[in-house]
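Data first, discussion second: the structure below is written as structure tokens.
The values are calculated or read from the model by the stated rules, or taken from the named source; none is laboratory data. All figures in this text were calculated on a predicted structure; none of them were measured in a lab. Neighbour counts run over all protein chains shown; Cβ positions are idealised from the backbone, glycine included.
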Amino acid sequence: MLRIAFVIPTLDQSGAERQLTTLACGLPRTHVDPHVFALDRGGPYEQQLQQASIPVHVLHKRGRFDPATILRLRSALQKLQPDIIQSFLFSANTLVRLPGIAPPQARIIVSERCVDSWKSGWQLWLDRQLANRAHCLTANSQSVATFYRNLGVPDERITVIPNGTATTPAALLSRSAARQRLRLPESACVIGYIGRFARQKRLQDLIWAFQLLHQTIEDSRLVLIGTGPEEVPLKQLAAGFDCNSKILFAGHRSDATALLPALDAFVLPSEFEGMSNSLMEAMAAGVPCAASNISPNGELIQNGEHGMLFPLGSGPEIARTLLRMHQDPALSTRMATQAANRIHTEFTPRQMIDQHLQLYQRLQQQK
């Protein structure tokens, strides 16, 4: 029986937390005994993990540096004596690599989920200092692997395991039902985004693009599903446009994935990503997709084959791309079909889980 301790800051409804939950719940319980440690707080995925009979330990971390939480984590890991410790995101990846935190026999895996150009100098310095204190770094895309390789992580310690998405037709509403739930006209051209309202997502570019698009496609709507620190500035920006009444801020929705069929196009204008769960889910749902031309998005979308890529930071180019997709429905349908086929073939939860199992076995053999 392989005992694994997963460590993550929270169990909020976000990408890394979703992948951890999918992984932990999908591991064969005949061979693996998973435990989850949330440093700061629980969240929506806590219940899902508990329903799968996976113990969840919330450590209630206070502030950026909390010595009491560090000691609680050390004590819990010493008591559990895991064979594998796998952490997700910066604070967890830092703590598990500090000297004396992990039991001596545990193999440490840090999981990086993004091309972390947002990190400040001290965070990058800390990553460099701790680079050799993990037995493996998993990256969810080649772009993330390259970022951390350039930061000093030895190439032989990096393993790329792409995200897996479980979006299936059975999980989706019909187009009509999804639009009714969002109170959208059946005839409208609906552009949408689902995810956090964070600065890196550059949603201001999408709102500017919609202002331009709406001048050409009068019966159009923009739907923004989610919440986050940029919500108020984005609403203030939208309020200054004459298309404001056609922009729907739908808030956080637990049924967000099911609503994807309401969209005629999904847009991801981010300036950096790792491997976007929301983009993968839209592709899997058969929604035509457009995304910024950054390398992680390019790993999912071959331009003109699985969707359209547009230059980063350009509202006019986003509008031009969306107008082309609207005017060529045959192209949009072909790209959406090919995107769905690719996700369902190459990026399944089962593949993601099996690759982790192979990694765990390889690390155990190195002892």
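Taken over region 218-238, the criterion of being aliphatic (A, V, I, L, M) and at pLDDT below 95 is satisfied by no residue. Among residues of region 141-170 that are more than 30 Å from ALA258 (Cβ to Cβ), those with a beta-carbon under 9 Å from a residue that is among the acidic types (Asp, Glu) and surrounded by fewer than 16 Cβ atoms within 10 Å (Cβ to Cβ) at least six positions away or on a different chain give the pairs ALA145/ASP155; ARG149/ASP155. A Cβ distance below 7 Å, combined with a sequence gap of six or more or placement on separate chains, defines the contacts here; from region 211-223, residues that are touching a residue at least 40 places away in the same chain (Cβ under 8 Å) reach residues that are part of a strand (DSSP E or B) in the pairs LEU213/SER220; ILE217/CYS189; VAL223/VAL190; VAL223/GLY192; VAL223/LEU248; VAL223/ALA250.
Every residue, every condition in (1) in contact with a Leu (Cβ under 8 Å, 6 or more places away or on another chain); (2) crowded, with 17+ Cβ neighbours inside 10 Å, yes or no:
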{"site": "GLN180", "(1), (2)": "no, no"}
{"site": "CYS189", "(1), (2)": "no, yes"}
{"site": "ARG199", "(1), (2)": "no, no"}
{"site": "ILE225", "(1), (2)": "yes, yes"}
{"site": "PRO229", "(1), (2)": "no, no"}
{"site": "PHE241", "(1), (2)": "no, no"}
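Filtered by the rule that a residue be crowded, with 23+ Cβ neighbours inside 10 Å and either over 20 Å from ASP205 (Cα atoms) or in contact with a Pro (Cβ under 7 Å, 6 or more places away or on another chain) (or both), region 288-300 gives SER292, LEU300.
Does SER75 qualify as being farther than 20 Å from LEU23 by Cβ, out of contact with any helix residue (DSSP H, G or I) (no Cβ under 7 Å at 6 or more places or on another chain) and either not in a helix (DSSP H, G or I) or not assigned by TED's automatic domain parsing to the domain that holds VAL36 (or both)? I'd like the intermediate steps shown before the answer.
Values: farther than 20 Å from LEU23 by Cβ: yes; out of contact with any helix residue (DSSP H, G or I) (no Cβ under 7 Å at 6 or more places or on another chain): yes; either not in a helix (DSSP H, G or I) or not assigned by TED's automatic domain parsing to the domain that holds VAL36 (or both): no.
So SER75 does not fit the description; no.
One line per residue, one yes/no per condition, for (1) surrounded by fewer than 18 Cβ atoms within 10 Å (Cβ to Cβ); (2) in contact with an Asp or Glu (Cβ under 7 Å, 6 or more places away or on another chain); (3) closer than 30 Å to PHE347 by Cβ; (4) not hydrophobic (A, V, I, L, M, F, W, C):
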{"site": "LEU124", "(1), (2), (3), (4)": "yes, no, yes, no"}
{"site": "ASN140", "(1), (2), (3), (4)": "no, no, yes, yes"}
{"site": "ALA171", "(1), (2), (3), (4)": "yes, no, yes, no"}
{"site": "LYS235", "(1), (2), (3), (4)": "yes, no, no, yes"}
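Can you find a residue in region 22-29 that is assigned to a loop (DSSP other than H, G, I, E, B), of a type in the set (Ser, Thr, Tyr) and not assigned by TED's automatic domain parsing to the domain that holds SER254? Looking for residues that are assigned to a loop (DSSP other than H, G, I, E, B), of a type in the set (Ser, Thr, Tyr) and not assigned by TED's automatic domain parsing to the domain that holds SER254, one finds none in region 22-29, hence no. Residues in region 218-232 that are in contact with a helix residue (DSSP H, G or I) (Cβ under 8 Å, 6 or more places away or on another chain) and either of a type in the set (A, V, I, L, M, F, W, C) or over 17 Å from LEU268 (Cα atoms) (or both): SER220, LEU222, VAL223, LEU224, ILE225, PRO229.
For (1) outside any helix (DSSP H, G or I); (2) in contact (Cβ under 8 Å) with a residue 40 or more places away in the chain; (3) assigned by TED's automatic domain parsing to the domain that holds ASP83; (4) of a type in the set (A, V, I, L, M, F, W, C), each residue gets a yes or a no:
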| position | (1), (2), (3), (4) |
| --- | --- |
| LEU309 | yes, no, no, yes |
| PRO316 | no, yes, no, no |
| THR321 | no, no, no, no |
| MET335 | no, yes, no, yes |
| ASN341 | no, no, no, no |
| ASP354 | no, no, yes, no |
| GLN358 | no, no, yes, no |
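Residues in region 339-367 that are buried (at least 16 other Cβ atoms within 10 Å of the Cβ) and under 23 Å from SER292 (Cβ atoms): ALA339, ALA340, ARG342, ILE343, PHE347. Residue by residue through region 49-69, note down the ones that are in a helix (DSSP H, G or I), at pLDDT below 95 and surrounded by 18 or more Cβ atoms within 10 Å (Cβ to Cβ). Matches in region 49-69: THR69 only.
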